[in-house]
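Heads up, the thing below is written out as structure tokens.
The values are calculated or read from the model by the stated rules, or taken from the named source; none is laboratory data. Because the structure is a prediction, the values reported are computed rather than measured. Counting neighbours? That spans all protein chains shown, and the Cβs are built from the backbone with ideal geometry, glycine included.
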Amino acid sequence: MPDTSQTAVPKSPLGVKKVMIITTAVLTFIPFWKAAAVVLCDFGSSAFYAGGIAIRAFGPAFPWYILIVMLAAGPLLLVYIESCSLFVRGGIYKVVKEGLGNRMAKIAVSAIIFDFVLTGPISAVSAGHYLSGFVQSVFSYMDLSFPVPDNTFAVIFAVLCTLYFWRQNIKGISESADKSAKIVIVTMIVAIVLALWAIGTLFIRGGAKLPPLKPEFSPEALGWSVNFSWFKAVGLLGALMAVGHSVLALSGLETLAQVYREVEYPKIENLKKAALTVFLFALLFTGGLMFLASMIIPPELVANKYYENLLAGLAMELAGPEILKILMQGALVLCGAAMLAGAVNTAIVGSNAVLNRVAEDGILTDRFRKIHKKYGTTSRMINFIVGIQLIVILISHGKVYVLGEAYAFGVLWSIVLQTLSTILLRIKRPQARTFLVPFNIRYKNFSLPVGASVIFLFFFSVASINLITKRVATVSGIAFTVFLFTLFYISERLNAKKANMMFEEGHREEINTTAVSTLDEALRTELAHKKRVVIGVKDPENMYHLEQFLKNMKDDSFDIIVLYAKPSPDTMFGKGSLKAAPLDDKKIFSNVILIAEQYGHAVIPLMVESNDPYYALSQVASEADADRIILGVSGTYGAQDQMERMAMAWGAVKDKKLEHPVTVDILWEGREVNFKFTV
């Protein structure tokens with residue numbers, strides 16, 4: 001780190017002139033169970049509507065095929081884990097871009113945005129049906145003849161719910177992982193009570209039978225396949241068709257890639273635990289309750305009365321007093337509304353995140369990327385997505401089945417493209433990975449992906465059959481994909497010059513800089529551990545020392561202060577002035593945040609203006625009562641010079657006896673120098 005103190009004319013005996021706190025949304029990391037809760041609030045919400053849509057498509061056999069879809073979620077989660085291990089940020093866009101190129105990445109983004117565009121409306125409308133069903137049950141119990149217009153109620157609720165989360169996202173208020181965890185825990189308790197009561201009902205009534213295995217397709221569910229004499233909805237083709245009509249239950253798994261940034265150390269191990277938690281919960285919650293519903297509710301009631309709120313119907317058809325069943329329905333509706341509303345929010349957040357990732361490559365013009373003057377959010381992207389969602393809600397007239405018919409296109413084709421890209425990256429990037437989808441054949445330097453290929457073929461088969469059988473999904477999905485792809489293409493052409501510049505500069509994290517009066521004020525609320533380390537950074541391309549510390553840190557027992565001492569305006573530069581001049585602090589902290597995310601450790605970014613970086617490091621370390629100071633090797637001065645300057649700065653700043661020694665480490669590739677201050 002270059003020293004400028006010899007030529008500077010300081011205005012004060014200390015090096016720090018101005019203190020700035022750097023804040024961003026992803027510098028705190030969450031345990032695996034909170035990450036799983038965030039995913040489940042989106043993925044698990046499909047249990048409230050998937051069964052009703054499936055039974056209308058192919059009859060009472062629906063639980064078997066939803067179970068198959070839930071089992072397929074396990075292998076799919078493995079694909080997501082491998083793709084996440086390759087790229088900390090970016091999700092499907094980054095994976096498909098690296099695997100299949102820019103054009104296919106735009107198509108993949110268009111498909112996943114189509115998924116998000118429908119996730120919000122179907123979740124909000126479904127929540128409206130559950131609420132209206134509960135209101136109707138209460139009125140019926142109280143002998144009130146006041147009919148509730150179910151579809152109208154659902155539309156009004158869906159519009160209000162969507163507008164509420166639109167406002168929250170415009171303001172930049174994010175839903176916390178703690179709230180998601182509470183929703184999932186309460187839902188799990190309610191689901192256990194519901195399942196035990198349902199099992200008890202089966203024993204009391206006796207004669208329970210498993211649902212039939214053979215699907216009986218409605219004419220609507222056959223789509224264009226009726227025009228092909230060779231296409232018979234029996235055997236394997238019939239099974240794949242039924243899976244295609246149930247696959248909307250997979251919606252929300254892409255949230256795992258979004259939440260990966262925030263998973264704490266060790267990231268991949270915790271991601272595996274989160275994926276296993278999601279899989280088991282969904283298998284038992286979604287899969288298990290579908291079977292209980294089909295065995296307790298008469299098929300004619302499922303198809304005619306409860307298809308819009310199947311789990312509420314399960315509660316109302318249990319054995320027991322009416323008041324207890326209504327209370328059970330109320331608890332279920334409360335949990336369902338919370339999860340479904342969470343899915344509405346996740347759809348807005350997810351689509352905004354994907355569009356922002358596309359915008360980072362300069363594909364979207366500044367007209368789309370313009371920041372809200374008051375809240376600093378990408379409001380135009382949010383308005384674009386929410387506007388489409390509101391149109392979809394109004395067009396649906398509150399019919400969940402209509403939304404379900406259009407749904408599967410985005411889910412399936414985004415899965416197909418992401419899985420194919422993950423397979424191709426085995427060849428393009430054969431280097432060792434921290435995780436591989438199981439079942440591979442080793443050939444020279446390559447791991448041939450047998451397991452991932454089987455997963456790809458399964459989902460590709462289902463997606464291909466869906467093109468023929470789900471007319472609404474095919475027409476609307478292709479139309480939306482073409483529309484969004486064209487928008488990306490035109491915008492990228494208009495933005496070509498800026499896109500090239502942004503590509504060369506790379507990713508830049510959105511950070512906020514807040515000036516404070518003193519170091520004490522900057523550190524007072526941030527320090528939580530007894531051990532503290534101050535890591536000095538200056539060159540965005542020289543973060544080896546930060547990376548090494550985070551890589552070798554086995555727990556979170558340290559407060560890690562990452563300090564950039566920016567030369568103050570009054571600093572006079574002499575020899576080496578070009579290298580000593582202020583660097584791009586946004587680029588520096590973007591790299592700091594990326595490295596922190598990669599290893600899953602929280603850091604405290606801090607920037608000060610200073611006429612001498614060594615004085616600044618010493619002063620911050622002294623104020624924080626740090627145990628260690630870590631530096632990278634300077635490109636201008638040797639490690640020996642750095643040690644001498646650090647010792648002089650420490651002697652000038654530290655004027656009281658140390659309560660503990662302070663270690664100073666200078667790290668660079670293959671070497672390190674360290675010494676201690678003990679007095």
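Could you tell me which residue of the stretch 386-398 is modelled with the lowest pLDDT, considering only residues that are in a helix (DSSP H, G or I) and surrounded by 16 or more Cβ atoms within 10 Å (Cβ to Cβ)?
Restricting attention to the stretch 386-398, the residues satisfying the condition of being in a helix (DSSP H, G or I) are 386-396.
Next cut, surrounded by 16 or more Cβ atoms within 10 Å (Cβ to Cβ) only: 386, 388-390, 392-393, 396.
Details: Val386: 96, Ile388: 95, Gln389: 96, Leu390: 96, Val392: 95, Ile393: 96, Ser396: 92.
Looking at the filtered set, the residue picked out is Ser396.
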Handout entry: Verdict on Ser634 being of a type outside the set (Val, Ile, Thr), closer than 16 Å to Ile535 by Cβ, outside the structural domain of Ile268 (by TED's automatic domain parsing) and at pLDDT below 85
Key = yes
Fill in the blank from the handout: Gly91 meets each of (1) at pLDDT below 90; (2) at negative phi with one exception, condition (2)
Problem - Sole residue being closer than 30 Å to Val109 by Cα and in contact with a helix residue (DSSP H, G or I) (Cβ under 8 Å, 6 or more places away or on another chain), chosen from Ala242, Ala293, Ala303, Ala312 - result: Ala242
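Quick one: would you say Ala319 is assigned to a loop (DSSP other than H, G, I, E, B), in the same structural domain as Phe157 (by TED's automatic domain parsing) and touching a residue at least 12 places away in the same chain (Cβ under 8 Å)?
Yes.
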Exercise for the section: Can you tell me which residue within the stretch 224-248, out of those that are in a helix (DSSP H, G or I), small (Gly, Ala, Ser) and at pLDDT below 90, is surrounded by the fewest Cβ atoms within 10 Å (Cβ to Cβ)? Expected result: Gly235
Handout entry: Conditions (1) at pLDDT 85 or above; (2) under 23 Å from Ser85 (Cα atoms); (3) surrounded by 15 or more Cβ atoms within 10 Å (Cβ to Cβ); number of the one not met by Asp556
Key = (1)
Exercise for the section: Check off (1) modelled with pLDDT of 90 or more; (2) surrounded by fewer than 16 Cβ atoms within 10 Å (Cβ to Cβ); (3) hydroxyl-bearing (Ser, Thr, Tyr) for Thr187 and give me the number that stays unchecked. Expected result: (2)
Handout entry: Conditions (1) under 18 Å from Ser464 (Cα atoms); (2) assigned to a loop (DSSP other than H, G, I, E, B); number of the one not met by Gly252
Key = (1)
Completion exercise
If we ask which residues in the stretch 340-385 are without any contact (Cβ under 8 Å) to a residue 40 or more places away in the chain, hydrophobic (A, V, I, L, M, F, W, C) and not in a helix (DSSP H, G or I), their number turns out to be 1
Handout entry: Residues satisfying the stated conditions in the stretch 409-448, i.e. in a strand (DSSP E or B) and touching a Ser or Thr at 6+ places or on another chain (Cβ under 8 Å)
Key = Asn440, Ile441
Exercise for the section: List the helices (runs of 4 or more DSSP H) that sit entirely inside the stretch 455-553 and contain at least 1 residues that are at pLDDT below 85 and over 26 Å from the mean Cα position of the chain (by Cα). Expected result: 471-494, 496-505, 519-524
Practice task
Considering every residue within the stretch 166-175, establish whether at least one is of a type outside the set (A, V, I, L, M), buried (at least 18 other Cβ atoms within 10 Å of the Cβ) and not in a helix (DSSP H, G or I).
Solution key: yes
Handout entry: Long-range neighbours under 9 Å by Cβ, at least six apart or interchain, first residue more than 16 Å from Leu77 (Cβ to Cβ) within the stretch 442-454, second basic (Lys, Arg)
Key = Phe446/Arg426; Ser447/Arg426; Ser447/Arg433; Leu448/Arg426; Leu448/Arg442
Handout entry: Selection from the stretch 653-679 of residues that are buried (at least 16 other Cβ atoms within 10 Å of the Cβ) and over 16 Å from Ile535 (Cα atoms)
Key = Val653, Lys654, Phe677
Exercise for the section: Check Phe134, Phe62, Phe146 and return the single one that is outside any helix (DSSP H, G or I) and within 26 Å of Leu334 (Cβ to Cβ). Expected result: Phe146
Practice task
Under 6 Å between Cβ atoms, at least 6 apart or on separate chains: pull out the pairs that start in the stretch 209-233 with a residue that is in contact (Cβ under 8 Å) with a residue 60 or more places away in the chain and assigned by TED's automatic domain parsing to the domain that holds Ala198 and end on any residue that is in a loop (DSSP other than H, G, I, E, B) and basic (Lys, Arg).
Solution key: Gly223/Lys470
Exercise for the section: For the stretch 637-652, name all the residues that are surrounded by 14 or more Cβ atoms within 10 Å (Cβ to Cβ) and modelled with pLDDT under 80. Expected result: Tyr637
Exercise for the section: Examine the stretch 284-304 for a residue that is touching a residue at least 12 places away in the same chain (Cβ under 8 Å) and within 18 Å of Leu131 (Cα to Cα), and state whether such a residue exists. Expected result: yes
Practice task
Determine whether Leu100 is aliphatic (A, V, I, L, M), touching a Ser or Thr at 6+ places or on another chain (Cβ under 7 Å), surrounded by fewer than 24 Cβ atoms within 10 Å (Cβ to Cβ) and in the same structural domain as Gln258 (by TED's automatic domain parsing).
Solution key: yes
Practice task
Please tell me if Ile156 is in the same structural domain as Ala343 (by TED's automatic domain parsing) and either among the polar types (S, T, N, Q) or in contact (Cβ under 8 Å) with a residue 40 or more places away in the chain (or both).
Solution key: no
Problem - Verdict on Pro605 being under 15 Å from Lys538 (Cβ atoms) and either modelled with pLDDT of 85 or more or over 39 Å from the mean Cα position of the chain (by Cα) (or both) - result: yes
Problem - Meets criteria (within 30 Å of Ala242 (Cα to Cα), buried (at least 20 other Cβ atoms within 10 Å of the Cβ) and either at pLDDT 90 or above or in contact with a Phe, Trp or Tyr (Cβ under 8 Å, 6 or more places away or on another chain) (or both)) for Ile55 - result: yes
Completion exercise
The condition from (1) surrounded by fewer than 22 Cβ atoms within 10 Å (Cβ to Cβ); (2) within 18 Å of the chain's Cα centre (by Cα); (3) closer than 21 Å to Tyr65 by Cα; (4) not hydrophobic (A, V, I, L, M, F, W, C) that Lys273 misses is numbered (3)
Exercise for the section: Please identify the pairs in which a residue from the stretch 661-672 that is free of Cβ contacts under 8 Å to residues at least 12 places away in the same chain has its Cβ atom under 7 Å from the Cβ atom of a residue that is in a strand (DSSP E or B) and of a type in the set (Asp, Glu), counting only partners at least 6 apart or on another chain. Expected result: Glu672/Asp665
Exercise for the section: Specify which of the listed residues (Val592, Val620, Val664) is assigned to a strand (DSSP E or B) and closer than 14 Å to Gly536 by Cβ. Expected result: Val664
Practice task
Assess whether Tyr401 counts as being in the same structural domain as Ala154 (by TED's automatic domain parsing), surrounded by 24 or more Cβ atoms within 10 Å (Cβ to Cβ) and in a helix (DSSP H, G or I).
Solution key: no
